[in-house]
Amino acid sequence: MAHTRWPRPWFVGVVVWLLGTATSALARDLVIATVNNGHMLTLQRMTPHFERLHPGVRVRWVTLDEDRLRQQVTRDVATRGGRFDLLTVGSYEAKVWSGRGWLRPITPSAGYATDDLLPPVRDALTQGGKLYALPFYGESSMTMVRTDLLAAAGMTLPLHPTWEQVAQAARRLHDPQRGVAGICLRGKPGWGQNMALVSTMVNTHGGQWFDTKWQPQLTSPAWRRALTLYSDLLRRHGPPAAVANGYNENLALFSAGRCAMWVDATVAGNFVSRGNESRVAGQVAFLHAPVASTARGARWLWTWSLAIPAGSRQPELAQRFAEWASSPAYVALVAREVGWHAVPPGTRESTYAQPAYRMANPHAAIEREAIMLADQNRPTEPPSPYVGIQWVGIPEFQSIGTAVGQLVAELLQAAPPRVDEVLTRAQAVAERKVREAGYMTD
């Protein structure tokens, strides 16, 4: 039996087109690459609030540790691969990548309250008068010390300690028989790992990475003093296998009561003061980062921020999310849903103005002051040709800092440590890289 095929009415095509458009709108994915730290994990928990404000939008997270995040994100933005719509970047990437055209400039909406951002944090993300990222949280560095252990040892430390005082306290408080290291410091190699701390130690000892002619200065007396102190502290008074410890590992050790002191990011104060997560909550004094011959460059400046890559497939939606996640409204949301202890720090004056925030975060005053005092435009006592305190604002620094970080890590394993040999090799690496890049000429 034959079947008659009737012409399809014209409106059927219109209906199919409309359904296809609606389905496409409902399938809008926003892909965000981020680092696996506490505040970013809280942001992921809060994401359904954003999705309810934007029906049809689904936020997909790619969460990685700091080193893997940098590798994957750098590869994607350099090729404009479009894998990610929004990135978690730091001050270094905002500086270097904006100059390469890898990031979209951001003009915040009228209600974003840009003037509420802390000036050093806002300036760190601004190039040529344009913002290239919105700060999710900011940090400097500080000293954390167990008050109960200090009292038991009959010791005190001033609000502005020196590295010599910190070293003396580490010797006194080191108690391996009770499982307590005198001090915890970053030992894991990498430009954003051990070299973040080591660079500040070099700065405060009067050193620098490069002089004004881009000649590396890694064999200078300042580098030798800083590295000798660093390796001595970790080898003699640090935890076992310190070379494997970065920020997250030391946070776990300190919170478990395994470190008497810890010099690291101010953001750690949000976590070591939480009674349900930290055994030492209420027993920690927060002091400024240690200094040596100069206070310049002794404390770092960093901000984990949200940036839109040039290859983003959803740039307008990405900006909406970035503004929402870095707004006073988000701060209020986290305070209400989780508590003031979980609010992202270091970005807005309005956050520090909240009495409830200061009460929940006893390190808040130190943190704000440290951020306001950090000057990445003049990071060292001698004049330097670069910006950045714990990093150097050139594209090549990622490879230079990582290579030097690997060499520095050897000092925590060799017996005895050969500081001069490591510095000679590090000097050669840095010199070769800047010469190849054309910064240094004969």
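The values are calculated or read from the model by the stated rules, or taken from the named source; none is laboratory data. What you see is a predicted model; the values in this text were computed from it and never measured. In this analysis, Cβ positions are derived from the backbone assuming ideal geometry, glycine residues included, and neighbour counts consider all displayed protein chains. The area values use the complete protein model at the heavy-atom level, side chains included, leaving out ligands, DNA and RNA. Shrake-Rupley method; radii C 1.70, N 1.55, O 1.52, S 1.80 Å.
Brief remarks follow.
- Computed from the Cβ-Cβ distance with R0 of 45 Å, the FRET efficiency linking Ala241 to Arg313 stands at 0.55.
- Arg313, Arg178, Arg171, ranked by accessible area, largest first (probe 1.4 Å): Arg178, Arg313, Arg171
- When a 1.4 Å probe is rolled over the protein heavy atoms, the share of accessible surface on region 274-389 that falls to carbon and sulfur comes to 49 percent.
- Among 399-409, 138-148, the order from most to least packed when residues are scored by Cβ within 10 Å on average: 138-148, 399-409
- Scalar couplings 3J(HN,Hα) for region 123-137, obtained by applying the Karplus form with A = 6.51, B = -1.76, C = 1.60 to θ = phi - 60°, are 5, 5, 9, 10, 9, x, x, 10, 6, 10, 6, 10, x, 7, 8 Hz; x denotes Gly and Pro.
- Estimated [θ] at 222 nm from DSSP helical runs (n ≥ 4, -39500 (n - 2.57)) normalised by residues in the chain, nearest 500: -13000 deg cm²/dmol
- Highest to lowest packing among 287-297, 273-283, scored as the average C-beta count within 10 Å: 287-297, 273-283
- Anchor Lys213: lysines whose Cα lies under 19 Å away (excluding residues fewer than 8 positions away in-chain): Lys433
- Here's how it looks for Thr294: its modeled amide H is under 5 Å from those of Gly206, which are all 5 or more places away or on a different chain.
- Taken per residue, the accessible surface of the chain reaches 43 Å², heavy atoms only and a 1.4 Å probe.
- Label separation (Asn248 vs Gln168): 3.8 nm, computed from points 7 Å beyond Cα along the C-beta direction.
- Annotation: for a label point projected 7 angstrom from Cα along Cα→Cβ of Glu277, residues of region 50-73 with backbone N closer than 18 Å are 63-66.
- Amide H contacts under 5 Å for Gly346: Gly138, restricted to partners 5 or more places along the chain or on a different chain, H placed in the peptide plane at 1.01 Å from N.
- Ordered from highest to lowest accessible area with the whole protein assembly present and a 1.4 Å probe, Leu185, Leu149 read as Leu149, Leu185.
- Between Ala295 and Lys213, the C-beta separation translates, for a Förster distance of 35 Å, into a calculated FRET efficiency of about 0.85.
- Computed 3J(HN,Hα) for region 288-300, one whole-Hz value per residue from the Karplus formula 6.51 cos²θ - 1.76 cosθ + 1.60 where θ = phi - 60°, is 5, 4, x, 10, 10, 7, 8, 7, 5, x, 6, 10, 8, glycine and proline marked x.
- Put the Cα centre of region 277-350 next to the Cα centre of region 361-391 and the gap is 16 Å.
- Put simply, the amide H of Val31, placed in the peptide plane, has neighbours under 5 Å in Arg60, Asp85, Leu86, leaving out anything fewer than 5 places away on its chain.
- Of all accessible heavy-atom area on region 135-244, the percent that carbon and sulfur account for (1.4 Å): 50 percent
- Residues in region 316-333 carry Karplus couplings, in order, of 5, 5, 4, 5, 4, 5, 4, 5, 4, 6, 10, 9, x, 5, 5, 4, 5, 4 Hz; the curve used is 6.51 cos²θ - 1.76 cosθ + 1.60 with θ = phi - 60°, and Gly or Pro positions show x.
- Model label points for Leu159 and Gln177, set 7 angstrom from Cα along the Cα-to-Cβ axis, are 3.8 nm apart.
- Heavy atoms of Arg432: accessible area, 1.4 Å probe, square angstrom to 10: 120 Å²
- Solvent exposure, largest accessible area first (probe 1.4 Å, DNA, RNA and ligands not counted), of Glu410, Glu164: Glu164, Glu410
- Here the spin labels are modelled as points 7 Å beyond Cα on the Cα-Cβ line, and at Asp29 and Arg52 they lie 2.5 nm apart.
- FRET efficiency estimate (nearest 0.05) - Cβ-Cβ, Thr63 to Glu337, R0 22 angstrom: 0.65
- Difference of contour (0.36 nm per residue) and Cα-Cα distance, Arg418 to Asp123: 102.2 nm
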